[in-house]
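Colleague: Please see the structure below; I have some questions.
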Amino acid sequence: MEKNNIILIGMPGAGKSTVGVILAKRIGFHFIDTDLIIQAQEKCRLQQLIDTQGLDDFCRIEEQILLNLQTERSVIATGGSVVYSESGLKELGRSGYQIYLQISLPILQQRIADMGQRGLVMARGQTFKHLYQERTPLYEKFANLTIPCGEINAEQVAAKIEQEIEQLWPMLSPD
């Protein structure tokens, strides 16, 4: 399997989907959002799925999506909870480079105004701060590249990723 995908990982609100669309257009790749695949497959929004099936089932469904994803030359925006599936991330990692969109907790908290409808995978009583503290080391563990992106907009993040990966991955340049 050739490593020619770009996989965006990070907290909910980090901008994975927004940056992913922009980046895919910039480099001429497909764009895939694993959250949208889950919603289409399960025929409901993420939060409805979490509320009705529970966190464990949601994570199992998400892992199956990751393990079965067959794509090339794609920018893949993953759900924030993807870091709970080591096997899923390892499988994705075989097909491409995992880029962690790093953003500070205060900026994330500003961005996530309506957490209840967002489909956050968190245990009852768990705070967003605790979720951030729990997931940050996992994103760092799986990332091939970390992009600090709290102070720049999505277009600038996409440009920075493009610049970084062109140095590592010369074949990215359009033919």
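Colleague: So what is the calculated 222 nm ellipticity per residue for the chain, using -39500 (n - 2.57) for each DSSP H run with n of 4 or more, over all residues, to the nearest 500 deg cm²/dmol?
Modeller: That calculation yields -15500 deg cm²/dmol at 222 nm.
Colleague: While we're on this one: Using a 10 angstrom cutoff on alpha carbons, build the Gaussian network for the chain and name the most mobile of Ala158, Ala123, Ala143.
Modeller: Ala123
Colleague: I would also like to ask the following. Give me the net charge for the shell around Glu63: Cβ to Cβ below 12 angstrom, other residues only, Lys and Arg +1, Asp and Glu -1. Don't skip to the end; give the middle numbers.
Modeller: Working: positive: Arg60, Lys90; negative: Asp56, Asp57, Glu62, Glu86, Glu91.
It works out to a net charge of -3.
Colleague: Separation between the Ala40 and Lys129 pseudo-spin-labels, each 7 Å from Cα along Cα→Cβ, expressed in nm?
Modeller: 3.9 nm
Colleague: Send over the semi-axes of segment 1-93's equivalent ellipsoid, whole angstrom and largest first, taken as the square roots of 5 times the C-alpha gyration tensor eigenvalues.
Modeller: Working through the eigenvalues yields semi-axes of 22, 15, 11 Å.
Colleague: Give me Arg135, Arg73, Arg60, Arg124 ranked fewest to most by other Cβ atoms within 10 Å of their Cβ, as a rough exposure proxy.
Modeller: Fewest-to-most ranking of Arg135, Arg73, Arg60, Arg124: Arg124, Arg60, Arg73, Arg135.
Colleague: Starting from the Cα-Cα distance between Ile107 and Gln64, subtract it from 0.36 nm times their residue separation and give me the gain in nm to one decimal.
Modeller: 12.4 nm
Colleague: Next up: Starting with the fewest neighbours, write out Lys16, Lys160 ranked by other beta-carbon atoms found within 10 Å of each beta-carbon. If you can, show how the numbers build up before the last one.
Modeller: Working: Lys16 29, Lys160 17.
With the sparsest Cβ surroundings first, the list reads Lys160, Lys16.
Colleague: Test of understanding: given the chain, find the longest segment containing no GluC sites (Glu not before Pro) that are in a DSSP loop and have at most 13 other Cβ atoms within 10 Å.
Modeller: It works out to 73-150.
Colleague: Still on this structure, please answer the following. Picking from Cys59, Phe142, Gln156, whose Cα lies most toward the positive end of the charge dipole for segment 5-166 (charges on Cβ: Lys, Arg +1; Asp, Glu -1)?
Modeller: Of the candidates, Gln156 comes out farthest on the positive side.
Colleague: Also, quick follow-up: When the expected Rg is taken as 2.2 N^0.38 Å, what fraction or multiple of it is the alpha-carbon Rg of the chain?
Modeller: Normalised Cα radius of gyration, the chain: 0.98.
Read the figures in this text as sums done on the coordinates, not as results from a lab. Note that the structure is predicted; figures quoted are calculated from it, not measured. Positions of Cβ are generated from backbone atoms using ideal geometry, with glycine treated the same way; all protein chains shown enter the neighbour counts.
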